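Since the structure comes first, as structure tokens, the remarks are kept for the end.
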């Protein structure tokens, strides 16, 4: 298993890989494949619970997913997403919730935001809680940033992102997710800061990449942004398999003779 120091040491040496997972078998498969890090993202609200966005996700939902992922991937570095309003209201609440994630097996937590959360990050790190930062498009701020838009296309946005990255590093993050940041700016931040950057929709120059598992596997076919590459089309496979099952049950072909138990069997 990687640890925080090893993750930081890999900057500039090889690319880091991260995917989301929310359940036991998802985590088992990612560990078997050799993923570096698993993010138990609050994106579980979208892809597992059917919420319109990540805002309704609560700690109990996240804790259940984190515990399942840890059981499925005991030898992989696991990061727990801090859901909306689980850390913003007070430093005490942030400490309590971040600590609860570590107690059930997470190796680190992830907070959205830059300068506005730097003091929280610093306190958590000082208390022994590893923190991954997250700037650029921050879904928990969707109601204040005007929707899901690419970041870094104007001077004010560039200045804010560069300063936020510096503040997060000063506060002690071991890595920063850059979401939907223009490639040039993501490359600049990656070059200037000493911790690894993990890109999602932020181009080729980040130190690593992350995708939502359901997007990579072609389960969520309604979501088709430019930055996603589908490595499988599992939705089609599952729908086809279930359709075959329905037909065989209705036609009496399943269960077949080799699927049943008989009295004379030992």
Could you say which residue among 125, 158 is touching a helix residue (DSSP H, G or I) at 6+ places or on another chain (Cβ under 9 Å), under 23 Å from residue 38 (Cα atoms) and surrounded by 14 or more Cβ atoms within 10 Å (Cβ to Cβ)? 125
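Which is over 19 Å from the mean Cα position of the chain (by Cα), assigned to a loop (DSSP other than H, G, I, E, B) and touching a residue at least 24 places away in the same chain (Cβ under 8 Å), of 160, 153?
Numbers: 160 fails: assigned to a loop (DSSP other than H, G, I, E, B).
Going through 160, 153 in turn, the sole match is 153.
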Looking at residue 52 and the list (1) within 19 Å of the chain's Cα centre (by Cα); (2) at pLDDT 95 or above; (3) part of a loop (DSSP other than H, G, I, E, B), which single condition is not satisfied? (2)
For segment 28-59, how many residues meet the condition of being farther than 20 Å from residue 200 by Cα and surrounded by 24 or more Cβ atoms within 10 Å (Cβ to Cβ)? 1
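Among 85, 93, which is the only one that is farther than 18 Å from residue 210 by Cβ, free of Cβ contacts under 8 Å to residues at least 12 places away in the same chain and in a loop (DSSP other than H, G, I, E, B)? Please lay out each step first, then the result.
Numbers: 93 fails: in a loop (DSSP other than H, G, I, E, B).
It is 85.
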Being in contact (Cβ under 8 Å) with a residue 60 or more places away in the chain and farther than 15 Å from residue 176 by Cα is the filter here, so list the residues in segment 1-21 that pass it. 1, 2, 3, 20, 21
Only listed residue being more than 20 Å from residue 41 (Cα to Cα) and without any contact (Cβ under 8 Å) to a residue 40 or more places away in the chain, chosen from 172, 187, 199: 187
Count - residues of segment 115-142 that are at pLDDT below 95 and either over 14 Å from residue 161 (Cβ atoms) or assigned to a loop (DSSP other than H, G, I, E, B) (or both): 5
Could you count how many residues in segment 60-74 are part of a loop (DSSP other than H, G, I, E, B) and either buried (at least 20 other Cβ atoms within 10 Å of the Cβ) or touching a helix residue (DSSP H, G or I) at 6+ places or on another chain (Cβ under 6 Å) (or both)? 1
Those strands (runs of 3 or more DSSP E) lying entirely in segment 173-229 with at least 2 residues touching a strand residue (DSSP E or B) at 6+ places or on another chain (Cβ under 8 Å) and more than 15 Å from residue 114 (Cα to Cα): 197-200, 208-211
In segment 1-21, is there at least one residue being touching a strand residue (DSSP E or B) at 6+ places or on another chain (Cβ under 9 Å), assigned to a loop (DSSP other than H, G, I, E, B) and at pLDDT below 95? yes
Test: residue in segment 193-204 that is surrounded by fewer than 19 Cβ atoms within 10 Å (Cβ to Cβ) and farther than 17 Å from residue 18 by Cα: yes
If residue 165 satisfies all but one of (1) assigned to a helix (DSSP H, G or I); (2) in contact with a helix residue (DSSP H, G or I) (Cβ under 8 Å, 6 or more places away or on another chain); (3) surrounded by fewer than 23 Cβ atoms within 10 Å (Cβ to Cβ), what's the number of the condition it fails? (3)
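The values are calculated or read from the model by the stated rules, or taken from the named source; none is laboratory data. These figures come from a predicted structure and were not determined experimentally. Cβ atoms come from the backbone with ideal geometry, glycine included; neighbour counts cover every protein chain shown.
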